[in-house]
Each structure stands twice: as structure tokens, then as C-alpha cells.
Amino acid sequence: MLNSQSTEPESTGQNSQALSGIKVLDLSRVLAGPSSTQILADLGAEVIKVERPVVGDETRHWNPPSFIDDNTGEQTAAYFATVNRNKKSITVDITTPEGQQLIKKLAADSDVLVENFKVGGLKKYGLDYESLKSVNKRLIYASLTGFGQTGPEAHKPGYDYIIQGLSGLMSITGPSDGEPHKVGVAVVDLFAGLQLTVGIQAALLARANTGEGQHVDVALLDSAIAMLANIGMNQLASGKTPPRLGNAHPNITPYQVYATADDSHFILACGNDVQFAKVCAVIGVPLHEDSRYSTNPARVENRDSLQQVLTGVFKTKTREQWLQLLQQAGVPCGPIHNVTEALAMPQVQARDMIVSFEGSPVRALGSPIKLSGTPVSYHSAPPALGADTEAVLQSMGLSGEQIQQLRDKQIV
């Protein structure tokens, strides 16, 4: 176990969680930052979410839909519940000197601080990395911003949608003859949250060796550029701007969506020449014997003429007929589910990807991280605003009278 008092990892018991003993001060809000701190919380870290008094995290108000408690009528916005389970909530007005002192005191006893304010936004409150480093040299200070801490655009705010456009991600998403499309969920926010989590855990391991914390700097734009993956590498290798191919793959074909006789669609993911020969056997057309289609590079070069043939053939049978034939032949393929169908899959249920909380109406998407010795847990539903303020302040040594004075001043 790593904590602010130890310098070496301790052996964890079989019933411990991977991050038991790690204390995280979460000053982030909306999606990207909270997605990271929820992962840390799932893995056993104590996460204290700091919110504005009265208002709280903006996503508390991003509804409908909401989960509604039949007994109390209390509503929890589905969006807020997405990334805020397993956390404590306290309210602190960090614009006040008293609020700033509370955060500094919490930071002095924390292992990690996560924030997604604009660059320099916390410096005026004395809550920036350099200020808190002097309070706790072991603190890992994790910043998630739109453009990072350096560079000519570091001062700008960042939004997933805008970054999807700036990064080129939208230019390769959507139909080839239509307008660019964003991805259906805020993937840049979520990917950046994952990158931040990786950086935080790497910094925790480094601290075990050095005894010192560091600044983890993750940007939405950097994360989106990294997401370009092989498409970005295609540009670097060829110097050519990658086109938008709809559901087709830029480097492999046939690897896309096809329509069937029953007006349904299925995905064919043919990744090599052996699989293509099997496809040809299934459809009864020996295309693999034609030099234009015998190898993947040749098929990519002659993509248009190949698709004319395949599109016509796949319209002759229903989706289920083609899926059965292709699966029997060992060719990767699958249906396109809607979200309701996806969540109802027996495999999804068996992997505990839908979880619930005792005494709460909230049902949530589970963690994909499966650890045999230190599994994730779902011990608390997303908290009500400020639900843990008094308990946390008491643990800091504040008396009931002091806490009431802070409440009277609307500092907490």
C-alpha cells in the first residue's frame, strides 16, 4: 500500500484493494477529471470530491434523465452518476481565504490532487502546484486541461466537441460523402481521463522510489492527437491527408458494414488473406483468385470495385443468415446492437458491467478492470451534494462550533 507516510509499497492482503490507503483530493468537475478519480476510487482510493456550495458539480443539473429515490424523491442525474460513485462530497468555497486554508490542509494530508481548471486558474487562490508542493512535497498534482500547461494555446479552455474537431478526429468520422461527425460519446474527455489515471499511478510508483511527488500534465488535445493512432501514422508515412471512409477501414478491406436483404446491417471484419478466402467460399464467388483482390494491398487499391461486388452479394440474404454462415467459416463478424440490446447481452451481465448500490436507485456501468487479487468494489452510490462535509471536517480536527461558523459564512 502506498500512502503519504510510507516510502515503499507494502504488501497488500488478499482482501485489500489495489489503491487502499491512497487519499485523493478531487477538485475536478464535469466528465474528464471525475472519470479519472472514479477509476481511482473503484480501485480503493479514498476520493474526496470538492464542490461549490449550493450549486455543486454542473453535471448534477444535466438532466433528465435521473435516477429517482421513491422514498425521498431525491434525484441523481444520470450524467453525474456516470463518473462519481465511490466518492465523498464536501462543499468548499475556494474563493475565500478560509476555504483556501481548508483545501491546503486537506492537500497536506493527501497523496493526489486532481484539478481541471484553466491553466493558472488556481494560482490566484494559492492552490497551484508550486504552492501546494511547498505544503506537501509528496503530493502528486494532476492537471487535466484543454491544451496543457505549455504552448501558445495553453490559456484556452478545452471542450471535448471542439477538440474532436481541432484534432482531426471528426475529419475521419462519418460518411465519406457527408459532413464530419463527432463520436457519439465524449471520447476525448474519457480518453484523457484514462491517460491522467495512468500518469497518476506512474507518479505514485515513482514516488515510492524517490519520496517526492510531481506534476502530471494531461491535455485533451494531446490525448485526441494520440487517438489518431494508425490514421495519424498513415499521414506521417505518406504525407497525404487521410480521407473520411465512413465505416470502412483505411488499411484493410473488406472491413466495414454491409446491408442485408432484411434492411439490417452487420459488420464484416476480414483482417487477412486467409479470412478473405473464407469469405469468398461463403458467398460462392472466387474473388480471392483475382489478382486485383488476392492480397490485402491489392484489395485496398481496388476497394471500389470490390465493394460493388460485395454490396450486391450481401443484399441477397438476411443479416442472421450471413452471420451464421460467416461465423461457421471462422470469419470475424457481428451485428450492430442498439444500446438497450448491448446492455442486455448475457456476456455483459456475466461480467458485472451493470452494477447497483444498496439503498440507492442508481444503476451504473461497471468497471472493465478485473483484478483477481484486489478487485474493484462498488461501495457507495454517487453522493448527495456536501453529504460528507461535516465528517471530513471533523476528521481534520474542526469542532462542531467551527464547522457551524463556516456554514454560517457559506464557506462550506
Which one of the conditions (1) open to solvent by 30 Å² or more (accessible area, probe 1.4 Å); (2) at negative phi does LEU268 fail to meet, given that it meets all the rest? (1)
Kindly establish whether ALA259 is modelled with pLDDT of 95 or more and under 25 Å from GLY232 (Cα atoms). no
List the residue pairs whose Cβ atoms are under 7 Å apart, where the first residue sits in segment 179-199 and is within 20 Å of GLY168 (Cα to Cα), the second is at pLDDT below 95 and open to solvent by less than 30 Å² (accessible area, probe 1.4 Å), and the two are 6 or more positions apart or on different chains. PRO180/GLY174; HIS181/GLY174
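Can you report the number of residues in segment 377-388 which are under 25 Å from VAL198 (Cβ atoms) and either without any contact (Cβ under 8 Å) to a residue 12 or more places away in the chain or open to solvent by less than 30 Å² (accessible area, probe 1.4 Å) (or both)?
Qualifying residue count, segment 377-388: 1.
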Of all residues making up segment 89-115, the number that are in a loop (DSSP other than H, G, I, E, B) and buried (at least 17 other Cβ atoms within 10 Å of the Cβ): 5
Any idea which of (1) out of contact with any strand residue (DSSP E or B) (no Cβ under 9 Å at 6 or more places or on another chain); (2) open to solvent by 20 Å² or more (accessible area, probe 1.4 Å); (3) of a type outside the set (S, T, N, Q) is the one ALA224 doesn't satisfy? (2)
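Any idea how many residues of segment 139-166 are surrounded by 21 or more Cβ atoms within 10 Å (Cβ to Cβ) and out of contact with any Pro (no Cβ under 6 Å at 6 or more places or on another chain)?
Final tally of qualifying residues: 12.
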Note on segment 389-412: residues open to solvent by less than 40 Å² (accessible area, probe 1.4 Å) and either touching a Lys or Arg at 6+ places or on another chain (Cβ under 6 Å) or in contact (Cβ under 8 Å) with a residue 60 or more places away in the chain (or both) are THR389, VAL392, LEU393, MET396, LEU406, ILE411, VAL412
In segment 249-273, what residues are over 15 Å from CYS333 (Cα atoms) and either under 30 Å from the mean Cα position of the chain (by Cα) or free of Cβ contacts under 8 Å to residues at least 40 places away in the same chain (or both)? PRO250, ASN251, ASP263, ASP273
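Tell me yes or no: at least one residue of segment 319-342 is more than 30 Å from GLY99 (Cβ to Cβ), basic (Lys, Arg) and more than 35 Å from the chain's Cα centre (by Cα).
no
Scan segment 69-88 for residues that are open to solvent by less than 50 Å² (accessible area, probe 1.4 Å) and either touching a helix residue (DSSP H, G or I) at 6+ places or on another chain (Cβ under 7 Å) or not acidic (Asp, Glu) (or both) and jot them down.
Of everything in segment 69-88, those that are open to solvent by less than 50 Å² (accessible area, probe 1.4 Å) and either touching a helix residue (DSSP H, G or I) at 6+ places or on another chain (Cβ under 7 Å) or not acidic (Asp, Glu) (or both) turn out to be GLY73, THR76, ALA77, ALA78, PHE80, ALA81, VAL83, ASN84, ARG85, ASN86, LYS87.
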Filter pass, LYS156 being assigned to a helix (DSSP H, G or I) and basic (Lys, Arg): no
Candidates SER66, SER28, SER36 - the one that is open to solvent by 10 Å² or more (accessible area, probe 1.4 Å) and of a type in the set (Gly, Ala, Ser): SER66
Every pair of residues 6+ apart whose Cβ atoms lie under 9 Å, when the first sits in segment 85-98 and is at pLDDT 95 or above while the second is assigned to a strand (DSSP E or B) and among the basic types (Lys, Arg): LYS87/LYS49; LYS88/LYS49; SER89/LYS49; ILE90/LYS49
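The values are calculated or read from the model by the stated rules, or taken from the named source; none is laboratory data. Computed from a predicted model, the values in this text were never measured in an experiment. Heads up, the Cβs are rebuilt from the backbone with ideal geometry, glycines too, and the neighbour counts pull from every protein chain shown. The accessibility values were calculated without ligands, DNA or RNA, using every heavy atom of the protein model including side chains. Shrake-Rupley method; radii C 1.70, N 1.55, O 1.52, S 1.80 Å.
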